[in-house]
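Written out below as structure tokens is the structure these notes cover.
The values are calculated or read from the model by the stated rules, or taken from the named source; none is laboratory data. Worth saying up front: this structure is predicted, and the values here are computed from it rather than measured. All Cβ positions, even for glycine, are placed from backbone atoms using ideal geometry, and neighbour counts span all protein chains on display.
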Amino acid sequence: MKDWRDTVVGTDATLRDAIRCIDASGLQLALMLDKDQQLVGTLSDGDVRRAILRGFSLDGPASEVMNASPITAHTTSLPAEQLKLMRRNVLHHLPLIDDQRKVVGLVTLDGIAGILERPNWVVLMAGGLGERLRPLTENCPKPMLMIAGKPILECILESFIEQGFRNFFLSVNYLASVVRDHFGDGSKWGVNICYLQEHKRLGTAGALSLLPERPQDPILVMNGDLLTHARFDNLVQFHDEHDSLATMTVREYDFQVPYGVVRMDGAAIESIDEKPVHRFFVNAGIYAISPAALDLIPPETFYDMPTLFEDLIKARKSTAAFPLREYWLDIGQIEEFERAQHEWPSQR
């Protein structure tokens, strides 16, 4: 059983300290307590990701990005009251405090209501040709390549299942029968699996036009060649909190210029920056898409996710970036496939 005390950090904690605590506890929250064990603030997974997007230093004080006015419940409150409070305020965690505002416990939504089955559909893109992985993909679609004794796509499916997702669509094209024969209707895993059959390449967004009906909740879309420990439930929560029509997961990517960069004003040298490092956020291939955004996708037309985001931005619709800080590996080339063989077993 997870112990709420593992979520505690002191008031002098850095953001890096808080992240370690959030990950180690498995409760996706850090409680900042003073020396008297009184609650000073909370730091959620969403707070961390928003701080990263703002460029906040991991060595900066966590107190500057925490929620200094978290909703709490008294230790004498009944479970039904706690559940009502969490649902009314869309909370996943609820600190329990006594009369001195000392923390005596932490209630989680999953703990009080049981592991929730999430209504969100999951669309996994499994129709790519995998040309850069030939000859491995001559008779096997890329998502069905074996990692640690399982197809990549099965590793992805199990990650979603562990987080409460039950309804899946697999977009298939190249060697589709290999995927269908392995996964069937999903009953082996206790989930529902349907197939979106592409008769031509439609792209990561175009395949969504094949969905049988408009979903009621945001859907999650993921490329079928990724290995990750991303918290998909946190992605949905982040998407909802930002009232976004489309949310893209992003990864921080560092690029070091191998030379000294000379900055000039005309012919005059102003400064020399020796081998500077430039940092960017890049697309990580996992998305949360609201039903209204699907209306922009043309039927039976090649249409990629970046194009959907560009069209939403042009239309001044709300989009968001969800920074991914968990393990992530894109298996696009032989080198990444070989790397996954060594890394993924130890990441499980």
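Yes or no: Asn234 touching a Ser or Thr at 6+ places or on another chain (Cβ under 9 Å) and farther than 20 Å from Pro119 by Cβ?
Working: touching a Ser or Thr at 6+ places or on another chain (Cβ under 9 Å): yes; farther than 20 Å from Pro119 by Cβ: no.
It is false that Asn234 is touching a Ser or Thr at 6+ places or on another chain (Cβ under 9 Å) and farther than 20 Å from Pro119 by Cβ.
With free of Cβ contacts under 8 Å to residues at least 40 places away in the same chain and of a type in the set (Gly, Ala, Ser) as the only criterion, which of Ser318, Ser271, Ser244 stands out? If you could, list the steps in order and put the result at the bottom.
Numbers: Ser318 fails: free of Cβ contacts under 8 Å to residues at least 40 places away in the same chain; Ser244 fails: free of Cβ contacts under 8 Å to residues at least 40 places away in the same chain.
Residue meeting the stated conditions: Ser271.
Using the structure shown, decide if Ala284 is under 19 Å from the mean Cα position of the chain (by Cα), in a loop (DSSP other than H, G, I, E, B), closer than 30 Å to His93 by Cα and small (Gly, Ala, Ser). Show your work before the answer.
Values: under 19 Å from the mean Cα position of the chain (by Cα): yes; in a loop (DSSP other than H, G, I, E, B): no; closer than 30 Å to His93 by Cα: yes; small (Gly, Ala, Ser): yes.
Against the criterion (under 19 Å from the mean Cα position of the chain (by Cα), in a loop (DSSP other than H, G, I, E, B), closer than 30 Å to His93 by Cα and small (Gly, Ala, Ser)), Ala284 does not qualify.
Only one entry in Gly41, Gly46 is of a type in the set (Gly, Ala, Ser) and either under 21 Å from Arg231 (Cα atoms) or in contact (Cβ under 8 Å) with a residue 60 or more places away in the chain (or both), namely Gly46.
Among the residues making up the stretch 39-61, those that are closer than 16 Å to Gln28 by Cα and either part of a strand (DSSP E or B) or of a type in the set (S, T, N, Q) (or both) are Gly41, Thr42, Leu43, Ser44.
Condition check ((1) over 21 Å from the mean Cα position of the chain (by Cα); (2) of a type in the set (D, E, K, R); (3) under 24 Å from Glu241 (Cα atoms)) across all residues:
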site	(1), (2), (3)
Gly190	yes, no, no
Cys194	yes, no, no
Ala205	no, no, yes
Glu213	yes, yes, no
Thr228	no, no, yes
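The single condition among (1) of a type outside the set (A, V, I, L, M); (2) crowded, with 16+ Cβ neighbours inside 10 Å; (3) touching a strand residue (DSSP E or B) at 6+ places or on another chain (Cβ under 6 Å) that Asp185 does not satisfy is (2). Considering the stretch 156-181, and only residues there that are more than 22 Å from the chain's Cα centre (by Cα) and surrounded by fewer than 13 Cβ atoms within 10 Å (Cβ to Cβ), the residue that is farthest from Arg231 (Cα to Cα) turns out to be Ser177. Residue count for the stretch 57-80, restricted to those that are over 15 Å from Gly105 (Cα atoms) and either out of contact with any Gly (no Cβ under 9 Å at 6 or more places or on another chain) or of a type in the set (Gly, Ala, Ser) (or both): 12.
Scoring Arg54 on the criteria (1) within 20 Å of the chain's Cα centre (by Cα); (2) closer than 18 Å to Leu106 by Cβ leaves a single failure, condition (2). Every listed requirement among (1) touching a residue at least 12 places away in the same chain (Cβ under 8 Å); (2) closer than 25 Å to His278 by Cα is met by Gly55 save one, (1). Return yes when Glu198 is of a type outside the set (A, V, I, L, M), in the same structural domain as Asp330 (by TED's automatic domain parsing) and within 26 Å of Glu300 (Cα to Cα) and no when it is not. Considered against the rule, which asks whether it is of a type outside the set (A, V, I, L, M), in the same structural domain as Asp330 (by TED's automatic domain parsing) and within 26 Å of Glu300 (Cα to Cα), Glu198 comes out as yes.
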